[in-house]
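The values are calculated or read from the model by the stated rules, or taken from the named source; none is laboratory data. Keep in mind it's a predicted model, so treat the numbers as computed, not measured. Neighbour counts run over all protein chains shown; Cβ positions are idealised from the backbone, glycine included. Just so you know, the surface numbers come from the protein's heavy atoms only, side chains and all, with ligands and any DNA or RNA stripped out. Shrake-Rupley method; radii C 1.70, N 1.55, O 1.52, S 1.80 Å.
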Amino acid sequence: MTESPRQVAVCGDGDPRTPHAETARTAGRLIAEAGAVLLTGGMTGVMAAASEGARAAGGLVVAVLPGGSTKSAVAPAQVRIATGAGEARNVVLVRSADAVVAIGGAFGTLSEIAIARKLEVPVVGYQTWEAPVPGTGEPLLEQCDSIEEAVARALTAADDGAGT
């Protein structure tokens, strides 16, 4: 039986003018260079930039789309999954990932972080939400000082769950 490649989701703000575009491109490139599959929400902003970085590095990109049509993808992706589930597609995205990298983001990113924590999917962040988990004081997620560190930690964490 052939082992499945690691699947790493990159989540972040959907603003087409995101200040995190270069960071997201780097994340996508690093994930592709490591031989992992990149999962994104398939739309604009961080999602599109990460997809561009992975595609430029010859990586496989899967877009888990909120709409009901594969034609709704904005980000370049070889595989497009039309969920028709709106924001609920975040559950499909995170559940399909062996690890998650959160970059910047707003409430959609926060929901993906929360879903990852709830499902015990490893999640690391770069310039994203930093609140403690209510009632515990525990950090919401591991914050990294660079995108290279965030991707490396996600890839390492994904090694334990790849192919499951």
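Quick look at the values:
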read-out	value
Residue-normalised accessible area of the chain, given per residue in Å² at a 1.4 Å probe	47 Å²
Size of the stretch 99-164 as Cα extents on the principal axes (Å, biggest first)	32, 25, 22
The chain - mean residue ellipticity at 222 nm from DSSP helices (-39,500 (n - 2.57) per run, n ≥ 4, rounded to 500)	-11000 deg cm²/dmol
Cβ-derived FRET efficiency at R0 22 Å, A57 paired with E149, nearest 0.05	0.75
Total formal charge among the other residues, if their Cβ is under 10 angstrom from that of A50, Lys/Arg +1 and Asp/Glu -1	+2
3J(HN,Hα) from dihedral phi, the stretch 132-145, Karplus parametrisation 6.51/-1.76/1.60, rounded to Hz, x for glycine, proline	x, 5, x, x, 10, x, 5, x, 4, 7, 6, 8, 10, 7
Cα-Cα separations in the stretch 28-122 greater than 18 Å, expressed as whole percent	40 percent
Surface share of carbon and sulfur [accessible, 1.4 angstrom probe, percent] for the chain	53 percent
Sites D159 and S69 - FRET efficiency at Förster radius 41 Å, r taken between beta-carbons, to 0.05	0.75
For the stretch 106-164 versus the stretch 4-80, the gap between their alpha-carbon centres in whole angstrom	17 Å
The chain: relative contact order as a whole-number percent, Cα under 8 Å and 6+ apart	24 percent
Full-stretch length increase - E22, L119 - with 0.36 nm per residue and alpha-carbon distance subtracted	32.0 nm
Of S111, A77, A57, farthest towards positive along the dipole that unit charges on Lys, Arg, Asp, Glu beta carbons give the stretch 54-130	A77
Option label - semi-axes √(5λ) of the Cα gyration tensor in Å computed here, alternatives (i) 54, 16, 13; (ii) 42, 19, 11; (iii) 21, 18, 16	(iii)
